[in-house]
1. When both residues are 6+ apart or on different chains and their Cβ atoms are under 6 Å apart, which pairs have a first residue that lies in region 93-116 and is on the phi > 0 side of the Ramachandran plot, and a second that is assigned to a loop (DSSP other than H, G, I, E, B)?
2. How about region 87-106: which of its residues are surrounded by 15 or more Cβ atoms within 10 Å (Cβ to Cβ), not hydroxyl-bearing (Ser, Thr, Tyr) and not in a loop (DSSP other than H, G, I, E, B)?
3. Restricting to region 1-15, give me the number of residues that are part of a loop (DSSP other than H, G, I, E, B) and at pLDDT 95 or above.
4. Which pairs turn up if I take residues in region 195-208 that are at negative phi and look for partners that are part of a helix (DSSP H, G or I) and among the basic types (Lys, Arg) with beta carbon separation below 9 Å, at least 6 apart in sequence or on another chain?
5. For the structure I just gave you, tell me whether Gly84 is surrounded by fewer than 21 Cβ atoms within 10 Å (Cβ to Cβ), of a type outside the set (Ser, Thr, Tyr), within 13 Å of Leu30 (Cβ to Cβ) and touching a residue at least 40 places away in the same chain (Cβ under 8 Å).
6. Have a look at Ala110, Ala125, Ala90, Ala105 and point out the one that is more than 22 Å from Ala47 (Cβ to Cβ) and in contact with a Pro (Cβ under 9 Å, 6 or more places away or on another chain).
7. I'm checking my understanding of the structure. Among residues of region 16-75 that are part of a helix (DSSP H, G or I) and among the small types (Gly, Ala, Ser), which one is nearest to Ser204 (Cα to Cα)?
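The values are calculated or read from the model by the stated rules, or taken from the named source; none is laboratory data. Since the model is a prediction, treat every value here as computed from it, not as a measurement. Cβ sites come from the backbone with ideal geometry, for glycine too, and all protein chains shown count toward neighbours.
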Amino acid sequence: MVHFKVCGITCVEDAAACLSVGASAIGINLIPASRRVVDVGVARQIAAYVGDRSLVVLVVANRATGEMLQLLRYTGARCLQLHGDEAPEALAPLLPHAYKAVRIATAADAARALDFPGEDLLVDAKVEGELGGTGQLVDWRLVEPIARRRRLTLAGGLTPQNVGRAIEQVAPYRVDVASGVERAGDPRRKDPDRLLAFSRVVKSASSC
């Protein structure tokens, strides 16, 4: 079965919608430059609501190890997604409660992704000047070999319309969606109908 994560959750209402369609992970963005950023108080509120019904992941970038561990303790989240320019050695002290998000544009990027330790790894599209959440597709051919070696989360431009093909081609452990299930014109809120459609396609593709 392929799991799915919904990233960029900004309120309890949207977290509830994610739980209702079976999301196995929920991402809360703490990167100041993101359109989906929330403060730690909101992150704590969402994590408390979700509890152990889904994996709550804090999306962070270029923070010190102690600061990241403090964020986990304060919010009650259970995992960190390092989405900045962190080196492999920055991830090691946080394992197994963290994984690296690697931006992929070339075969060299895909090869370097395997330098990061841990079982889990996320791949996203590389867009100049952006850390992620751009809605751009990753070249699935580049990342498919990674999915055979690591527990891969595939992000980058996934929607209800293309996630089935992505699962068929890449065979990831998990798929990650943000912009593909948002309300039209509002990057801070999820659309319940799009969430349901995404969930149905993931479940259908997983059963094939």
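1. From residues that are on the phi > 0 side of the Ramachandran plot, there are no pairs.
2. Ala90, Leu91, Leu94, Ala98, Lys100, Ala101, Val102, Arg103, Ile104
3. Going residue by residue through region 1-15, those that are part of a loop (DSSP other than H, G, I, E, B) are 1-2, 7-11.
Then drop every residue that is not at pLDDT 95 or above, which leaves 2, 7-11.
Residues meeting the conditions: 6.
4. Once the first residue is at negative phi and sits in region 195-208, its partners that are part of a helix (DSSP H, G or I) and among the basic types (Lys, Arg) give Ala205/Arg165.
5. On the way: surrounded by fewer than 21 Cβ atoms within 10 Å (Cβ to Cβ): yes; of a type outside the set (Ser, Thr, Tyr): yes; within 13 Å of Leu30 (Cβ to Cβ): yes; touching a residue at least 40 places away in the same chain (Cβ under 8 Å): yes.
So Gly84 fits the description; yes.
6. Working: Ala125 fails: in contact with a Pro (Cβ under 9 Å, 6 or more places away or on another chain); Ala90 fails: in contact with a Pro (Cβ under 9 Å, 6 or more places away or on another chain); Ala105 fails: in contact with a Pro (Cβ under 9 Å, 6 or more places away or on another chain).
After ruling out the rest, the residue left standing is Ala110.
7. Within region 16-75, the first condition is being part of a helix (DSSP H, G or I), and the residues that meet it are 16-20, 40-50, 65-75.
Filter once more, so that each one left must be among the small types (Gly, Ala, Ser): 16-17, 20, 41, 43, 47-48, 66.
Details: Ala16: 22, Ala17: 19, Ser20: 17, Gly41: 36, Ala43: 31, Ala47: 28, Ala48: 30, Gly66: 41 Å.
Among residues in region 16-75 that are part of a helix (DSSP H, G or I) and among the small types (Gly, Ala, Ser), the one nearest to Ser204 (Cα to Cα) is Ser20.
Conditions tested, residue by residue: (1) charged (D, E, K, R); (2) in contact with a Lys or Arg (Cβ under 7 Å, 6 or more places away or on another chain); (3) more than 12 Å from Phe4 (Cα to Cα); (4) at pLDDT 95 or above.
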position: Ala113; (1), (2), (3), (4): no, no, yes, yes
position: Glu128; (1), (2), (3), (4): yes, no, yes, no
position: Gln136; (1), (2), (3), (4): no, no, yes, no
position: Ala155; (1), (2), (3), (4): no, no, no, yes
